[in-house]
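To keep things clear, I will list the structure first and then write my remarks on it.
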Amino acid sequence: MTRVHVTVDGVQYSDDIEPRMLLVHYLREVVGKVGTVIGCDTSNCGACTVHLDGASVKSCNVLAVQADGHEVTTIEGIAVDGELHPMQQAFHEHHALQCGYCTPGMIMQALDLVRENPTPSEEEIRLGLEGNLCRCTGYQNIVKAVAACASTMETSTTARPERSAAR
Amino acid sequence: MIPAAFDYLAPTSVEEALAALAEGGEDTKVLGGGQSLLPILRMRLNAPERVVDLRRIDELRGIREEGDHLVIGAMTRYSDIVTSPVVRLHAALLAQAVEEVADPQIRHRGTIGGALVHADPAGDVGAPVLALEADLVIRGPGGEHTVPSNEFFVDLFETAVGEGELLTAVRIPKHTGWVSHYEKFVRVKHQWSIVAVAVALQVEAGTIAAARVGLTNMGSTPLRARAVETALQGRPASDVGDACERAAEGTNPPSDLNGDADYRRHLARVLTRRAVTTALGD
Ligand SMILES: Cc1cc2nc3c(=O)[nH]c(=O)nc-3n(C[C@H](O)[C@H](O)[C@H](O)COP(=O)(O)OP(=O)(O)OC[C@H]3O[C@@H](n4cnc5c(N)ncnc54)[C@H](O)[C@@H]3O)c2cc1C
Ligand code: FES
Ligand code: FES
(Lines give C-alpha, C1' and ligand atoms only; values in the text may rest on other atoms or scores of the structure.)
(Ligands and ions follow the chains in the order given, each with its own letter.)
Protein backbone atom coordinates (compact mmCIF):
# COMPACT_ATOMS: atom_id res chain seq x y z
CA MET A 1 0.00 0.00 0.00
CA THR A 2 1.10 3.52 -0.76
CA ARG A 3 -0.39 6.70 0.66
CA VAL A 4 -1.52 9.25 -1.91
CA HIS A 5 -2.78 12.80 -1.49
CA VAL A 6 -4.88 13.88 -4.44
CA THR A 7 -7.18 16.85 -4.87
CA VAL A 8 -10.28 15.79 -6.79
CA ASP A 9 -12.78 18.42 -7.89
CA GLY A 10 -11.42 20.82 -5.30
CA VAL A 11 -11.54 18.40 -2.34
CA GLN A 12 -8.35 16.93 -0.84
CA TYR A 13 -8.31 13.12 -0.43
CA SER A 14 -5.68 10.96 1.33
CA ASP A 15 -5.89 7.22 0.78
CA ASP A 16 -3.83 4.06 1.11
CA ILE A 17 -3.94 2.32 -2.25
CA GLU A 18 -2.13 -0.36 -4.17
CA PRO A 19 0.45 1.15 -6.56
CA ARG A 20 -1.07 -0.80 -9.44
CA MET A 21 -4.44 0.94 -9.09
CA LEU A 22 -5.39 2.94 -12.18
CA LEU A 23 -6.47 6.56 -11.71
CA VAL A 24 -9.88 5.80 -13.23
CA HIS A 25 -10.48 3.06 -10.65
CA TYR A 26 -9.32 5.34 -7.86
CA LEU A 27 -11.73 8.04 -8.99
CA ARG A 28 -14.68 5.70 -9.41
CA GLU A 29 -14.20 3.17 -6.61
CA VAL A 30 -12.34 5.05 -3.89
CA VAL A 31 -13.47 8.66 -4.36
CA GLY A 32 -16.87 7.77 -5.84
CA LYS A 33 -16.66 9.92 -8.98
CA VAL A 34 -18.60 7.50 -11.16
CA GLY A 35 -19.25 10.22 -13.75
CA THR A 36 -15.88 9.25 -15.23
CA VAL A 37 -16.42 6.05 -17.21
CA ILE A 38 -14.36 3.28 -18.82
CA GLY A 39 -15.11 2.57 -22.48
CA CYS A 40 -12.22 0.41 -23.67
CA ASP A 41 -9.21 -1.67 -22.72
CA THR A 42 -6.77 -0.04 -25.12
CA SER A 43 -6.68 3.66 -24.13
CA ASN A 44 -8.25 4.52 -27.48
CA CYS A 45 -11.76 5.75 -26.66
CA GLY A 46 -11.19 8.75 -24.38
CA ALA A 47 -14.34 8.13 -22.30
CA CYS A 48 -12.22 8.24 -19.14
CA THR A 49 -10.69 11.68 -19.89
CA VAL A 50 -10.11 13.90 -16.84
CA HIS A 51 -7.82 16.88 -16.22
CA LEU A 52 -4.59 16.34 -14.30
CA ASP A 53 -3.18 19.72 -13.22
CA GLY A 54 -5.38 21.31 -15.86
CA ALA A 55 -4.33 19.14 -18.83
CA SER A 56 -6.42 16.29 -20.23
CA VAL A 57 -5.31 12.69 -19.67
CA LYS A 58 -6.85 9.28 -20.18
CA SER A 59 -7.35 8.19 -16.58
CA CYS A 60 -7.30 4.50 -17.59
CA ASN A 61 -3.69 5.02 -18.69
CA VAL A 62 -2.40 6.76 -15.56
CA LEU A 63 -1.65 5.14 -12.20
CA ALA A 64 -3.31 6.75 -9.20
CA VAL A 65 0.14 7.04 -7.59
CA GLN A 66 1.23 9.20 -10.55
CA ALA A 67 -1.43 11.71 -9.45
CA ASP A 68 -0.05 11.88 -5.90
CA GLY A 69 0.39 15.53 -4.93
CA HIS A 70 -1.57 16.69 -7.96
CA GLU A 71 -5.00 17.97 -8.81
CA VAL A 72 -7.68 16.13 -10.77
CA THR A 73 -10.84 17.61 -12.27
CA THR A 74 -13.59 15.23 -13.40
CA ILE A 75 -16.85 15.81 -15.22
CA GLU A 76 -18.47 16.04 -11.75
CA GLY A 77 -16.36 19.07 -10.87
CA ILE A 78 -17.17 21.53 -13.62
CA ALA A 79 -20.74 22.60 -12.81
CA VAL A 80 -20.80 25.54 -10.39
CA ASP A 81 -23.53 25.66 -7.70
CA GLY A 82 -25.75 23.29 -9.64
CA GLU A 83 -25.46 25.38 -12.83
CA LEU A 84 -24.24 23.36 -15.80
CA HIS A 85 -20.89 24.42 -17.19
CA PRO A 86 -21.34 26.26 -20.52
CA MET A 87 -19.83 23.25 -22.32
CA GLN A 88 -22.34 20.90 -20.67
CA GLN A 89 -25.12 23.33 -21.56
CA ALA A 90 -23.93 23.46 -25.18
CA PHE A 91 -23.89 19.65 -25.45
CA HIS A 92 -27.45 19.65 -24.09
CA GLU A 93 -28.69 22.36 -26.46
CA HIS A 94 -27.06 20.95 -29.58
CA HIS A 95 -28.10 17.33 -28.95
CA ALA A 96 -24.44 16.32 -28.84
CA LEU A 97 -25.21 12.99 -27.23
CA GLN A 98 -27.37 9.97 -27.80
CA CYS A 99 -26.47 7.19 -25.34
CA GLY A 100 -24.20 9.63 -23.48
CA TYR A 101 -21.43 7.17 -22.73
CA CYS A 102 -18.69 9.16 -24.45
CA THR A 103 -20.01 12.48 -23.13
CA PRO A 104 -17.99 12.90 -19.90
CA GLY A 105 -14.75 12.35 -21.82
CA MET A 106 -15.88 14.43 -24.80
CA ILE A 107 -16.70 17.39 -22.57
CA MET A 108 -13.45 17.19 -20.61
CA GLN A 109 -11.44 16.99 -23.84
CA ALA A 110 -13.50 19.79 -25.40
CA LEU A 111 -12.60 21.98 -22.41
CA ASP A 112 -8.94 21.13 -22.91
CA LEU A 113 -9.12 22.07 -26.55
CA VAL A 114 -10.75 25.46 -25.97
CA ARG A 115 -8.26 26.15 -23.17
CA GLU A 116 -5.41 25.71 -25.66
CA ASN A 117 -7.24 27.35 -28.55
CA PRO A 118 -10.19 29.58 -27.54
CA THR A 119 -11.28 30.15 -31.16
CA PRO A 120 -10.99 26.76 -32.87
CA SER A 121 -12.05 26.15 -36.47
CA GLU A 122 -14.20 23.12 -37.24
CA GLU A 123 -11.11 21.21 -38.34
CA GLU A 124 -9.25 22.16 -35.16
CA ILE A 125 -12.19 20.91 -33.08
CA ARG A 126 -12.13 17.58 -34.91
CA LEU A 127 -8.35 17.32 -34.42
CA GLY A 128 -8.62 18.24 -30.74
CA LEU A 129 -11.14 15.43 -30.26
CA GLU A 130 -9.11 12.85 -32.21
CA GLY A 131 -8.60 10.72 -29.09
CA ASN A 132 -12.32 10.52 -28.22
CA LEU A 133 -14.62 8.05 -29.92
CA CYS A 134 -18.42 8.25 -30.10
CA ARG A 135 -20.34 5.22 -31.32
CA CYS A 136 -23.64 7.10 -31.69
CA THR A 137 -23.68 10.65 -32.97
CA GLY A 138 -21.42 10.75 -35.99
CA TYR A 139 -19.68 13.70 -34.30
CA GLN A 140 -21.64 16.36 -36.21
CA ASN A 141 -23.50 17.72 -33.19
CA ILE A 142 -20.52 17.32 -30.88
CA VAL A 143 -18.48 19.57 -33.16
CA LYS A 144 -21.37 22.05 -33.34
CA ALA A 145 -21.70 22.13 -29.56
CA VAL A 146 -18.00 22.74 -29.02
CA ALA A 147 -17.96 25.52 -31.65
CA ALA A 148 -21.01 27.20 -30.12
CA CYS A 149 -19.60 26.97 -26.63
CA ALA A 150 -16.17 28.25 -27.66
CA SER A 151 -17.69 31.39 -29.10
CA THR A 152 -19.79 32.13 -25.97
CA MET A 153 -17.06 31.12 -23.54
CA GLU A 154 -14.18 33.06 -24.97
CA THR A 155 -14.30 35.84 -22.40
CA SER A 156 -15.75 33.82 -19.55
CA THR A 157 -13.48 32.71 -16.71
CA THR A 158 -15.61 29.65 -15.92
CA ALA A 159 -14.00 28.04 -18.95
CA ARG A 160 -11.08 26.98 -16.84
CA PRO A 161 -12.18 26.35 -13.26
CA GLU A 162 -9.41 23.80 -12.75
CA ARG A 163 -6.83 26.51 -13.30
CA SER A 164 -7.96 28.59 -10.33
CA ALA A 165 -6.32 26.45 -7.65
CA ALA A 166 -2.57 26.25 -7.07
CA ARG A 167 -0.74 23.72 -9.22
CA MET B 1 -7.75 -4.79 -17.07
CA ILE B 2 -5.53 -4.32 -14.06
CA PRO B 3 -1.75 -4.68 -13.82
CA ALA B 4 -0.23 -7.39 -11.61
CA ALA B 5 0.93 -6.12 -8.22
CA PHE B 6 4.35 -4.42 -8.01
CA ASP B 7 6.42 -2.39 -5.58
CA TYR B 8 6.54 1.27 -6.45
CA LEU B 9 9.37 3.73 -5.96
CA ALA B 10 9.48 7.38 -7.02
CA PRO B 11 13.03 8.62 -6.39
CA THR B 12 13.95 12.30 -6.72
CA SER B 13 17.37 12.01 -8.38
CA VAL B 14 19.01 10.02 -11.16
CA GLU B 15 21.49 8.60 -8.62
CA GLU B 16 18.66 7.25 -6.45
CA ALA B 17 16.85 5.88 -9.50
CA LEU B 18 19.97 4.03 -10.68
CA ALA B 19 20.43 2.58 -7.18
CA ALA B 20 16.78 1.43 -7.16
CA LEU B 21 17.28 -0.23 -10.55
CA ALA B 22 20.51 -1.96 -9.47
CA GLU B 23 18.91 -3.23 -6.28
CA GLY B 24 15.76 -4.43 -8.04
CA GLY B 25 17.54 -6.48 -10.67
CA GLU B 26 15.96 -7.77 -13.85
CA ASP B 27 12.32 -7.76 -12.67
CA THR B 28 12.39 -3.96 -12.44
CA LYS B 29 10.78 -1.58 -14.93
CA VAL B 30 11.32 2.14 -15.42
CA LEU B 31 8.16 4.25 -15.66
CA GLY B 32 8.28 7.40 -17.80
CA GLY B 33 4.92 8.82 -18.83
CA GLY B 34 3.41 5.33 -18.85
CA GLN B 35 1.65 5.69 -22.19
CA SER B 36 3.24 2.52 -23.54
CA LEU B 37 4.18 0.81 -20.30
CA LEU B 38 0.70 0.97 -18.73
CA PRO B 39 -1.06 -0.73 -21.66
CA ILE B 40 1.64 -3.43 -21.45
CA LEU B 41 1.15 -3.89 -17.70
CA ARG B 42 -2.64 -3.84 -18.04
CA MET B 43 -2.56 -6.57 -20.66
CA ARG B 44 -0.03 -8.39 -18.46
CA LEU B 45 2.44 -8.70 -21.30
CA ASN B 46 4.91 -7.83 -18.57
CA ALA B 47 4.61 -8.14 -14.79
CA PRO B 48 7.59 -6.47 -13.11
CA GLU B 49 8.10 -6.85 -9.37
CA ARG B 50 9.28 -3.28 -9.02
CA VAL B 51 8.44 -0.09 -10.89
CA VAL B 52 10.76 2.91 -10.64
CA ASP B 53 8.84 6.07 -11.58
CA LEU B 54 10.97 8.96 -12.89
CA ARG B 55 8.28 11.63 -12.45
CA ARG B 56 9.86 13.35 -9.44
CA ILE B 57 13.30 13.78 -11.03
CA ASP B 58 13.41 17.44 -12.07
CA GLU B 59 16.83 17.16 -13.74
CA LEU B 60 15.30 14.87 -16.40
CA ARG B 61 12.73 17.43 -17.52
CA GLY B 62 13.05 20.51 -19.68
CA ILE B 63 14.45 21.95 -22.91
CA ARG B 64 17.58 24.08 -22.95
CA GLU B 65 20.11 25.47 -25.42
CA GLU B 66 23.75 24.47 -25.06
CA GLY B 67 25.85 26.22 -27.70
CA ASP B 68 24.92 24.76 -31.06
CA HIS B 69 22.79 22.02 -29.49
CA LEU B 70 19.31 21.70 -28.02
CA VAL B 71 19.21 19.44 -24.98
CA ILE B 72 15.86 17.84 -24.20
CA GLY B 73 15.49 15.96 -20.92
CA ALA B 74 14.22 12.38 -21.28
CA MET B 75 11.13 13.10 -19.15
CA THR B 76 10.07 16.11 -21.24
CA ARG B 77 6.52 15.56 -22.40
CA TYR B 78 5.37 15.56 -26.00
CA SER B 79 3.09 18.55 -25.33
CA ASP B 80 6.02 20.61 -24.02
CA ILE B 81 8.04 19.80 -27.15
CA VAL B 82 5.20 20.78 -29.51
CA THR B 83 4.75 24.15 -27.81
CA SER B 84 8.45 24.97 -27.37
CA PRO B 85 9.56 28.00 -29.42
CA VAL B 86 13.23 26.87 -29.39
CA VAL B 87 12.30 23.46 -30.76
CA ARG B 88 10.27 25.15 -33.53
CA LEU B 89 13.25 27.35 -34.33
CA HIS B 90 16.12 24.84 -34.20
CA ALA B 91 14.54 21.41 -34.67
CA ALA B 92 11.16 22.02 -36.31
CA LEU B 93 11.07 18.47 -37.71
CA LEU B 94 10.85 17.05 -34.18
CA ALA B 95 7.89 19.29 -33.28
CA GLN B 96 6.17 18.41 -36.57
CA ALA B 97 6.53 14.67 -35.88
CA VAL B 98 5.58 14.84 -32.19
CA GLU B 99 2.42 16.73 -33.10
CA GLU B 100 1.38 13.62 -35.06
CA VAL B 101 1.78 11.22 -32.10
CA ALA B 102 -1.48 9.74 -30.81
CA ASP B 103 -3.94 12.30 -29.39
CA PRO B 104 -3.77 15.33 -27.06
CA GLN B 105 -4.36 13.26 -23.91
CA ILE B 106 -1.47 10.91 -24.69
CA ARG B 107 0.73 13.87 -25.70
CA HIS B 108 0.13 15.42 -22.27
CA ARG B 109 1.68 12.34 -20.61
CA GLY B 110 4.08 10.62 -23.02
CA THR B 111 7.77 11.58 -22.91
CA ILE B 112 10.47 11.72 -25.57
CA GLY B 113 12.67 9.40 -23.49
CA GLY B 114 9.95 6.79 -23.02
CA ALA B 115 9.13 6.86 -26.72
CA LEU B 116 12.77 6.35 -27.72
CA VAL B 117 13.48 3.55 -25.24
CA HIS B 118 10.19 1.82 -26.09
CA ALA B 119 11.51 1.78 -29.70
CA ASP B 120 8.36 0.69 -31.46
CA PRO B 121 9.27 0.88 -35.18
CA ALA B 122 5.82 2.44 -35.82
CA GLY B 123 6.54 5.20 -33.28
CA ASP B 124 6.89 8.72 -34.65
CA VAL B 125 9.89 9.96 -32.64
CA GLY B 126 12.67 7.71 -33.96
CA ALA B 127 12.71 8.91 -37.57
CA PRO B 128 13.08 12.65 -36.78
CA VAL B 129 15.71 11.89 -34.13
CA LEU B 130 17.67 9.94 -36.77
CA ALA B 131 17.19 12.61 -39.43
CA LEU B 132 18.33 15.36 -37.03
CA GLU B 133 21.43 13.28 -36.15
CA ALA B 134 20.77 13.59 -32.43
CA ASP B 135 22.91 12.05 -29.71
CA LEU B 136 21.37 10.09 -26.86
CA VAL B 137 22.75 10.51 -23.35
CA ILE B 138 22.64 7.33 -21.25
CA ARG B 139 23.50 6.97 -17.56
CA GLY B 140 24.18 3.72 -15.74
CA PRO B 141 26.11 2.37 -12.79
CA GLY B 142 29.33 2.86 -14.76
CA GLY B 143 28.67 6.56 -15.45
CA GLU B 144 27.44 8.50 -18.46
CA HIS B 145 27.98 7.82 -22.15
CA THR B 146 26.60 9.25 -25.36
CA VAL B 147 25.41 7.21 -28.32
CA PRO B 148 24.80 8.66 -31.80
CA SER B 149 21.26 8.09 -33.04
CA ASN B 150 22.41 5.78 -35.85
CA GLU B 151 23.73 3.35 -33.20
CA PHE B 152 20.86 3.80 -30.73
CA PHE B 153 18.18 1.56 -32.27
CA VAL B 154 19.33 -2.05 -32.10
CA ASP B 155 16.23 -4.07 -33.06
CA LEU B 156 12.49 -4.31 -32.47
CA PHE B 157 11.86 -2.74 -29.01
CA GLU B 158 15.61 -2.83 -28.33
CA THR B 159 17.98 0.11 -27.93
CA ALA B 160 21.46 0.93 -26.65
CA VAL B 161 19.93 1.56 -23.21
CA GLY B 162 20.91 -1.53 -21.23
CA GLU B 163 19.41 -3.05 -18.10
CA GLY B 164 19.96 -0.85 -15.08
CA GLU B 165 20.53 2.21 -17.29
CA LEU B 166 18.48 5.33 -17.97
CA LEU B 167 18.18 7.51 -21.01
CA THR B 168 18.66 10.98 -19.53
CA ALA B 169 18.66 13.40 -22.47
CA VAL B 170 18.48 13.88 -26.22
CA ARG B 171 21.08 16.26 -27.70
CA ILE B 172 20.04 17.68 -31.08
CA PRO B 173 22.40 19.75 -33.24
CA LYS B 174 20.58 22.96 -34.09
CA HIS B 175 19.10 22.86 -37.58
CA THR B 176 18.28 26.54 -37.66
CA GLY B 177 16.96 27.64 -41.04
CA TRP B 178 16.47 24.10 -42.37
CA VAL B 179 13.12 23.31 -43.96
CA SER B 180 11.39 20.13 -42.89
CA HIS B 181 8.22 18.07 -42.85
CA TYR B 182 6.87 14.88 -41.27
CA GLU B 183 4.41 13.04 -43.50
CA LYS B 184 2.44 10.32 -41.70
CA PHE B 185 0.04 7.85 -43.27
CA VAL B 186 -2.73 6.39 -41.09
CA ARG B 187 -6.33 5.30 -41.53
CA VAL B 188 -7.49 6.54 -38.13
CA LYS B 189 -6.08 9.92 -37.11
CA HIS B 190 -4.78 9.04 -33.65
CA GLN B 191 -3.24 5.69 -34.55
CA TRP B 192 0.32 4.50 -35.05
CA SER B 193 2.00 5.16 -38.39
CA ILE B 194 1.46 2.63 -41.16
CA VAL B 195 4.43 4.40 -42.74
CA ALA B 196 5.77 7.91 -42.13
CA VAL B 197 8.65 9.95 -43.51
CA ALA B 198 10.72 12.65 -41.80
CA VAL B 199 12.56 15.07 -44.08
CA ALA B 200 14.95 17.92 -43.23
CA LEU B 201 16.66 19.91 -45.99
CA GLN B 202 19.21 22.69 -45.99
CA VAL B 203 18.71 24.88 -49.04
CA GLU B 204 21.44 27.32 -50.08
CA ALA B 205 21.01 29.63 -53.08
CA GLY B 206 18.33 27.40 -54.56
CA THR B 207 20.35 24.20 -54.20
CA ILE B 208 19.80 21.38 -51.70
CA ALA B 209 23.04 21.56 -49.74
CA ALA B 210 22.15 18.82 -47.27
CA ALA B 211 19.32 16.28 -47.02
CA ARG B 212 18.28 13.99 -44.16
CA VAL B 213 15.46 11.51 -44.48
CA GLY B 214 14.15 9.22 -41.72
CA LEU B 215 11.62 6.40 -42.22
CA THR B 216 9.02 5.17 -39.71
CA ASN B 217 7.82 1.54 -39.79
CA MET B 218 9.90 0.43 -42.77
CA GLY B 219 11.85 -2.20 -40.80
CA SER B 220 12.45 -3.43 -37.26
CA THR B 221 13.91 -0.04 -36.31
CA PRO B 222 13.50 3.50 -37.65
CA LEU B 223 15.81 3.95 -40.65
CA ARG B 224 17.69 6.58 -42.65
CA ALA B 225 16.84 6.64 -46.38
CA ARG B 226 20.45 7.18 -47.42
CA ALA B 227 19.84 6.65 -51.13
CA VAL B 228 17.32 9.49 -51.21
CA GLU B 229 19.64 11.73 -49.21
CA THR B 230 22.49 11.16 -51.67
CA ALA B 231 20.20 11.68 -54.66
CA LEU B 232 18.81 14.95 -53.25
CA GLN B 233 22.14 16.46 -52.28
CA GLY B 234 23.29 19.05 -54.82
CA ARG B 235 20.02 19.09 -56.76
CA PRO B 236 18.19 22.33 -57.45
CA ALA B 237 15.34 22.79 -54.97
CA SER B 238 13.04 23.51 -57.91
CA ASP B 239 13.63 20.08 -59.50
CA VAL B 240 14.39 17.09 -57.27
CA GLY B 241 14.04 14.67 -60.17
CA ASP B 242 13.30 11.06 -59.23
CA ALA B 243 15.29 11.16 -55.98
CA CYS B 244 12.26 10.14 -53.90
CA GLU B 245 11.79 6.95 -55.95
CA ARG B 246 14.71 5.50 -53.99
CA ALA B 247 12.99 5.77 -50.59
CA ALA B 248 12.42 2.02 -50.12
CA GLU B 249 15.95 0.93 -51.07
CA GLY B 250 17.53 -1.25 -48.42
CA THR B 251 14.37 -1.43 -46.28
CA ASN B 252 12.64 -4.54 -44.98
CA PRO B 253 9.12 -3.38 -44.07
CA PRO B 254 6.65 -5.55 -42.14
CA SER B 255 3.47 -7.07 -43.58
CA ASP B 256 0.38 -6.85 -41.40
CA LEU B 257 -3.34 -6.09 -41.53
CA ASN B 258 -2.61 -2.45 -42.40
CA GLY B 259 -0.63 -3.34 -45.50
CA ASP B 260 1.92 -5.74 -46.92
CA ALA B 261 5.58 -4.99 -47.48
CA ASP B 262 5.11 -3.97 -51.15
CA TYR B 263 2.38 -1.53 -50.23
CA ARG B 264 4.64 -0.02 -47.56
CA ARG B 265 7.47 0.39 -50.11
CA HIS B 266 5.03 2.20 -52.37
CA LEU B 267 3.91 4.39 -49.46
CA ALA B 268 7.51 5.23 -48.57
CA ARG B 269 8.11 6.57 -52.09
CA VAL B 270 4.88 8.56 -52.23
CA LEU B 271 5.22 9.97 -48.70
CA THR B 272 8.86 10.92 -49.26
CA ARG B 273 7.86 12.87 -52.35
CA ARG B 274 5.08 14.61 -50.42
CA ALA B 275 7.36 15.37 -47.48
CA VAL B 276 10.12 16.81 -49.69
CA THR B 277 7.61 18.87 -51.71
CA THR B 278 5.94 20.22 -48.56
CA ALA B 279 9.28 21.02 -46.90
CA LEU B 280 10.48 22.92 -49.97
CA GLY B 281 7.17 24.74 -50.22
CA ASP B 282 7.60 26.23 -46.74
C1 LIG C 1 -3.88 4.95 -27.78
C2 LIG C 1 -2.41 5.18 -28.02
C3 LIG C 1 -1.99 5.65 -29.25
C4 LIG C 1 -0.65 5.88 -29.50
N5 LIG C 1 -0.29 6.36 -30.72
C6 LIG C 1 1.00 6.62 -30.98
C7 LIG C 1 1.40 7.17 -32.23
O8 LIG C 1 0.57 7.48 -33.10
N9 LIG C 1 2.73 7.40 -32.44
C10 LIG C 1 3.66 7.13 -31.48
O11 LIG C 1 4.84 7.39 -31.72
N12 LIG C 1 3.32 6.62 -30.29
C13 LIG C 1 2.02 6.36 -30.01
N14 LIG C 1 1.68 5.86 -28.76
C15 LIG C 1 2.73 5.56 -27.76
C16 LIG C 1 3.21 6.79 -27.02
O17 LIG C 1 3.98 7.54 -27.90
C18 LIG C 1 4.01 6.50 -25.73
O19 LIG C 1 3.86 7.61 -24.91
C20 LIG C 1 5.49 6.38 -25.83
O21 LIG C 1 5.74 5.34 -26.72
C22 LIG C 1 6.12 6.05 -24.49
O23 LIG C 1 6.50 7.20 -23.74
P24 LIG C 1 6.21 7.23 -22.15
O25 LIG C 1 6.97 8.34 -21.54
O26 LIG C 1 4.78 7.19 -21.93
O27 LIG C 1 7.00 5.90 -21.68
P28 LIG C 1 6.55 4.68 -20.78
O29 LIG C 1 5.31 4.07 -21.28
O30 LIG C 1 6.59 5.09 -19.35
O31 LIG C 1 7.79 3.72 -21.03
C32 LIG C 1 8.01 3.07 -22.28
C33 LIG C 1 9.25 2.17 -22.15
O34 LIG C 1 10.43 2.96 -21.98
C35 LIG C 1 11.06 2.71 -20.72
N36 LIG C 1 11.51 4.02 -20.25
C37 LIG C 1 10.75 5.14 -20.15
N38 LIG C 1 11.52 6.21 -19.85
C39 LIG C 1 12.80 5.74 -19.75
C40 LIG C 1 14.07 6.37 -19.48
N41 LIG C 1 14.18 7.70 -19.29
N42 LIG C 1 15.17 5.60 -19.45
C43 LIG C 1 15.07 4.25 -19.67
N44 LIG C 1 13.92 3.63 -19.95
C45 LIG C 1 12.80 4.36 -19.99
C46 LIG C 1 10.03 2.00 -19.88
O47 LIG C 1 10.62 1.13 -18.97
C48 LIG C 1 9.23 1.25 -20.92
O49 LIG C 1 9.87 0.08 -21.30
C50 LIG C 1 0.33 5.62 -28.48
C51 LIG C 1 -0.08 5.15 -27.23
C52 LIG C 1 -1.43 4.92 -26.99
C53 LIG C 1 -1.85 4.42 -25.64
S1 FES D 1 -11.36 3.91 -21.12
FE2 FES D 1 -9.66 5.21 -21.15
S3 FES D 1 -9.41 5.54 -23.25
FE4 FES D 1 -11.01 4.10 -23.24
S1 FES E 1 -23.37 9.40 -27.48
FE2 FES E 1 -23.21 7.25 -27.45
S3 FES E 1 -21.07 6.97 -27.58
FE4 FES E 1 -21.25 9.06 -27.92
Exercise. Which whole-number percentage describes the relative contact order of segment B:7-52, with Cα contacts under 8 Å and a sequence gap of 6 or more?
Worked result: 55
Problem set entry | Mean projected area (nm²) of the alpha-carbon convex hull when segment B:185-281 is viewed from all directions | 5.9
Seminar exercise, completed: Binned at 10 Å from zero, the C-alpha pair distances of segment A:86-158 give percents of 22, 61, 16, 0
Exercise. To the nearest 10 Å², what's residue A:45's accessible area with a 1.4 Å probe?
Worked result: 20
Problem set entry | Volume per residue that the Cα convex hull of segment B:1-73 spans, once the total is divided by residue count, Å³ | 103
For this session: With θ set to phi - 60°, apply the Karplus curve 6.51 cos²θ - 1.76 cosθ + 1.60 along segment B:141-146 and write out the HN-Hα couplings as whole Hz, x wherever there is a Gly or Pro.
Result: x, x, x, 10, 9, 10
Seminar exercise, completed: The answer for residue B:30, listing residues at least 5 apart or on another chain whose modeled amide H is closer than 5 Å to its amide H, is B:52
Problem set entry | Fraction of accessible area attributable to carbon and sulfur, chain B (%, probe 1.4 Å) | 47
Exercise. Averaged over A:60-70, how many beta carbons belonging to a partner chain fall within 10 Å of each residue's beta carbon?
Worked result: 5
Problem set entry | Value in Å of the Kirkwood radius, where segment A:11-167 supplies the Cα pairs that are averaged | 15.7
For this session: Please check which bits of segment B:221-260 a label hung off residue B:266 would reach, taking the label as a point 7 Å along Cα-to-C-beta and the cut-off as backbone N under 19 Å.
Result: B:244-260
Seminar exercise, completed: Counting other chain Cβ atoms within 10 Å of each Cβ in A:130-139 and taking the mean gives 2
Problem set entry | Segments B:109-115, B:225-231 sorted - mean Cβ within 10 Å per residue, highest first | B:109-115, B:225-231
For this session: Whenever you get a sec, line up B:184, A:58, B:189, A:144 from highest to lowest accessible area (probe 1.4 Å, protein heavy atoms).
Result: A:144, B:189, B:184, A:58
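Provide the packing ranking of B:254-261, B:166-173, i.e. peptides ordered by the mean count of other C-beta atoms within 10 Å per residue, highest first.
So the order, starting with the most tightly packed, is B:166-173, B:254-261.
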Seminar exercise, completed: Averaged over residues of B:53-60, the number of beta carbons from other chains lying within 10 Å of each residue's Cβ is 2
For this session: Pop the C-beta distance of residue A:99 and residue B:245 into the FRET formula with R0 = 56 Å and round what comes out to the nearest 0.05.
Result: 0.70
Seminar exercise, completed: Quick tally, 1.4 Å probe accessible area for A:130, B:158, sorted with the most first, runs B:158, A:130
Exercise. Share of antiparallel DSSP beta bridges in the protein assembly as shown, in percent to the nearest 5?
Worked result: 85
For this session: Would you mind computing, in nm to one decimal, how far apart the modelled labels at residue A:41 and residue A:117 are, each placed 7 Å from Cα along Cα→Cβ?
Result: 3.4
Exercise. Among B:196, B:169, B:126, whose Cα sits farthest toward the positive end of the charge dipole of chain B (+1 at Cβ of Lys/Arg, -1 at Cβ of Asp/Glu, about the Cα centre)?
Worked result: B:196
Seminar exercise, completed: Expected field for residue A:3, accessible surface area in Å² at 1.4 Å probe radius, rounded to 10, holds 120
Problem set entry | Residue list for segment B:147-181, given a label point 7 angstrom along the Cα-to-Cβ vector of residue B:27 and an amide N cut-off under 20 Å | B:163-165
Exercise. Mind checking the angle between helix B:261-281 and chain B's longest principal axis? C-alpha axes, 0 to 90 degrees, to the nearest 10.
Worked result: 70
Exercise. Over what distance in Å are the Cα centres of segment B:186-227 and segment B:18-78 separated?
Worked result: 26
For this session: Using only Cα atoms, tell me the angle between helix B:14-24 and the longest principal axis of chain B; keep it within 0 to 90° and round to the nearest 10.
Result: 60
Exercise. Using a ≥ b ≥ c from the Cα gyration tensor of segment B:172-242 (square roots of the eigenvalues), is it rounded, prolate or oblate, where a/c under 1.5 gives rounded and otherwise the larger of a/b and b/c decides, a/b for prolate?
Worked result: prolate
Seminar exercise, completed: Per the C-alpha gyration tensor (a ≥ b ≥ c, the square roots of its eigenvalues), the protein assembly as shown is rounded if a/c is under 1.5, else prolate if a/b beats b/c, else oblate; here it's oblate
Problem set entry | Size-normalised alpha-carbon gyration radius of chain B, reference 2.2 N^0.38 Å | 1.00
Seminar exercise, completed: Looks like segment B:101-256, by Cα gyration tensor root eigenvalues a ≥ b ≥ c and the a/c under 1.5 rounded cutoff (else prolate when a/b is bigger than b/c, oblate otherwise), is prolate
Exercise. Once the Cα atoms of segment A:2-77 are picked out, what are the Rg and Dmax in Å?
Worked result: 11.0, 30
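Rolling a 1.4 Å sphere over the protein heavy atoms, what is the accessible area per residue of segment B:91-229, to the nearest Å²?
Accessible area per residue: 32 Å².
The values are calculated or read from the model by the stated rules, or taken from the named source; none is laboratory data. Quick caveat, the model's predicted, so the values are computed rather than measured. No Cβ is skipped: glycine too gets one built from the backbone with ideal geometry, and neighbour counts run over all protein chains shown. Calculation scope for accessible area: heavy atoms of the full protein, side chains included, ligands and nucleic acids excluded. Shrake-Rupley method; radii C 1.70, N 1.55, O 1.52, S 1.80 Å.
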